[in-house]
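Inspection log for the structure reproduced underneath, given as structure tokens.
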Amino acid sequence: MTPEERRMFVSGHRTAVFGYQRRKDGPALSIVYYVMGDNDTILVSTMRARAKANAVLRSPKVSLCVLDEQWPPTYLQVYCDAEIDTDEEHTVDVMMAIAAVMAGKPLDEAVRPLVAQGAKKEDRIVLRLRPYATFETPPRHVHDESDVNASLTHWASASVPWNADVAAS
């Protein structure tokens, strides 16, 4: 993928698996909705008390596995540096944008006070993710026995910088 294809893939989808390192055990994974912000940032709303926010405070290195909701599933793994944004107005803006993504259409501004009330009650914050690398593997899927042939190949992939002009190899 080119940098523009990566941006289009991320901005053209709405769900991702958010990964972060736990203090003990293996990595934690959480399904999230997200929106794109300015300067290639990816924005996720969460509660301040949730493990995602606490993990970002411990270590800003997180990952998102952006999912295509069509079959066969394709994905783009995005490695990010994360920070916490506590601006209340921005949090409400992000929550409105994410709710619009979930609903498939913009929300009427009349619900904004309810969203703001929910943000305050739940002590919501925004996780601002800044991509620095990606990992991709094109889907290889078998629909029936005719797909099992010499063109059904797999290869090792590699991480590439977010803005790299070269495809993963």
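Tabulated results
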| item | result |
| --- | --- |
| Qualifying positions in segment 23-35 - of a type outside the set (Phe, Trp, Tyr) and either surrounded by 12 or more Cβ atoms within 10 Å (Cβ to Cβ) or not in a loop (DSSP other than H, G, I, E, B) (or both) | 28, 29, 30, 31, 32, 35 |
| Any chance residue 150 is among the small types (Gly, Ala, Ser), within 24 Å of residue 12 (Cβ to Cβ) and surrounded by fewer than 11 Cβ atoms within 10 Å (Cβ to Cβ) | no |
| Number of the exception - residue 117 against (1) of a type in the set (S, T, N, Q); (2) closer than 21 Å to residue 14 by Cα; (3) not in a strand (DSSP E or B) | (2) |
| Condition met for residue 131 (outside any helix (DSSP H, G or I) and either in contact (Cβ under 8 Å) with a residue 24 or more places away in the chain or among the aromatic types (Phe, Trp, Tyr) (or both)) | yes |
| Residue 69 outside any helix (DSSP H, G or I), surrounded by 14 or more Cβ atoms within 10 Å (Cβ to Cβ) and either acidic (Asp, Glu) or over 17 Å from the mean Cα position of the chain (by Cα) (or both) | no |
| Residue 168 vs. criteria within 25 Å of residue 20 (Cα to Cα), at pLDDT 80 or above and within 24 Å of the chain's Cα centre (by Cα) | no |
| Test for residue 42: is it on the phi < 0 side of the Ramachandran plot and crowded, with 19+ Cβ neighbours inside 10 Å | yes |
| Among residues of segment 96-113, those that are assigned to a helix (DSSP H, G or I) and either of a type in the set (Phe, Trp, Tyr) or surrounded by 10 or more Cβ atoms within 10 Å (Cβ to Cβ) (or both), counted | 10 |
| Flag for residue 16 being over 13 Å from the mean Cα position of the chain (by Cα) and not in a loop (DSSP other than H, G, I, E, B) | no |
| Failed item in (1) farther than 17 Å from residue 33 by Cβ; (2) in contact with a Pro (Cβ under 8 Å, 6 or more places away or on another chain); (3) not small (Gly, Ala, Ser); (4) not in a loop (DSSP other than H, G, I, E, B), with residue 84 passing the rest | (2) |
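Matching residues to (1) farther than 30 Å from residue 142 by Cα; (2) in contact with a Ser or Thr (Cβ under 8 Å, 6 or more places away or on another chain); (3) of a type in the set (A, V, I, L, M):
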| position | (1), (2), (3) |
| --- | --- |
| 6 | no, yes, no |
| 24 | yes, no, no |
| 43 | yes, no, yes |
| 56 | yes, no, yes |
| 64 | no, no, yes |
| 70 | no, no, no |
| 87 | yes, no, no |
| 95 | yes, yes, yes |
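One line per residue, one yes/no per condition, for (1) among the small types (Gly, Ala, Ser); (2) surrounded by fewer than 14 Cβ atoms within 10 Å (Cβ to Cβ); (3) modelled with pLDDT under 95; (4) within 21 Å of residue 95 (Cα to Cα):
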| residue | (1), (2), (3), (4) |
| --- | --- |
| 4 | no, yes, yes, no |
| 12 | yes, yes, yes, yes |
| 49 | yes, yes, no, yes |
| 62 | no, no, no, yes |
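The values are calculated or read from the model by the stated rules, or taken from the named source; none is laboratory data. On a predicted model such as this, the values are computed, not experimentally measured, just so you know. No Cβ is skipped: glycine too gets one built from the backbone with ideal geometry, and neighbour counts run over all protein chains shown.
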